[in-house]
1. Over all alpha-carbon pairs in region 75-128, figure out the percentage whose distance exceeds 17 Å.
2. With θ taken as phi - 60° and the coefficients 6.51, -1.76 and 1.60, list the Karplus ³J(HN,Hα) couplings across region 43-57 in order, rounded to whole Hz; mark glycine and proline as x.
3. Give the Rg/Rh ratio for region 57-104, taking Rg as the radius of gyration of the Cα atoms and Rh as the Kirkwood radius, to two decimals.
4. Just to verify a number: what accessible area does residue 156 come out at with the full protein assembly present, 1.4 Å probe, Å² rounded to tens?
5. What translational diffusion coefficient, to the nearest whole µm²/s, does region 52-142 have by Stokes-Einstein, given a Kirkwood radius computed over alpha-carbon pairs, a temperature of 20 °C and 1.002 mPa s viscosity?
6. Mean shadow of region 25-95, computed from the convex hull of its alpha carbons, in nm²?
7. I want the antiparallel fraction of DSSP beta bridges within region 1-88, as a percent rounded to 5.
8. Using a cut-off of under 19 Å, list every residue of region 109-153 whose amide N is near the label point 7 Å from the Cα of residue 10 along the Cα-to-beta-carbon line.
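The values are calculated or read from the model by the stated rules, or taken from the named source; none is laboratory data. In this text the structure is predicted, and so the values were computed from the model without any measurement. FYI the Cβ positions are ideal-geometry reconstructions off the backbone, even for glycines, and counts take in every protein chain you see. These accessible areas exclude ligands, DNA and RNA; they are computed on the full protein's heavy atoms, side chains included. Shrake-Rupley method; radii C 1.70, N 1.55, O 1.52, S 1.80 Å.
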Amino acid sequence: MQIIVAADENWAIGKDGDLLWHLPEDMKFFREKTTGNVVIMGRKTLDSFPGGKPLKNRVNLVLSRDLDFEREGARAVHSVEEALEAVKGYGDRQVFVAGGGHIYREFLPYCDTALVTRVYKSYEADTYFPDLDADGEWELASQGGRKEHEGISFAFTVYRRR
């Protein structure tokens, strides 16, 4: 399993249930990586999408504590264990954990790769991703060149579990 996330210099990823920036190239990267694959997310992340609708052309596994939760186009799971069992049924499709903060922390131990769009700026935030640079289990495997959009500098990086 892989994590896909965008984080600032302090590993901040969100505030008030929303992203901290809008980077079209990062959205395109996310779309290209996840299309045709399995995406695991929390219900709040699903609700943050336009119209609260699942992502098109992907299997959407939505983790929710609400046992009655249903959403057209999504498959509800109610625990990490249930999600891990569910992904076994999707054969060779790649599995991406796509947030939010709590979901990232819950699934990080099961992931061996993290695709991290690093944003070279600090934002006021209330949601953070674990600092992989400070975690001895992870190492920066590759880093693309810096890009910029409307004054925001960023780069696509890949972390791998040691």
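1. Details: 673 of 1431 pairs.
Counting pairs separated by more than 17 Å, the tail of P(r) holds 47 percent.
2. Once rounded to whole Hz, the list reads 4, 5, 5, 4, 4, 7, 6, x, x, x, 8, x, 5, 6, 6.
3. Numbers: Rg = 10.7 Å, Rh = 11.5 Å.
Computed over Cα atoms, the ratio is 0.93.
4. 40
5. Stokes-Einstein gives a translational diffusion coefficient of 141 µm²/s.
6. It is 4.8 nm².
7. Counting only bridges with both partners in region 1-88, antiparallel ones make up about 10 percent.
8. 117-135, 152-153
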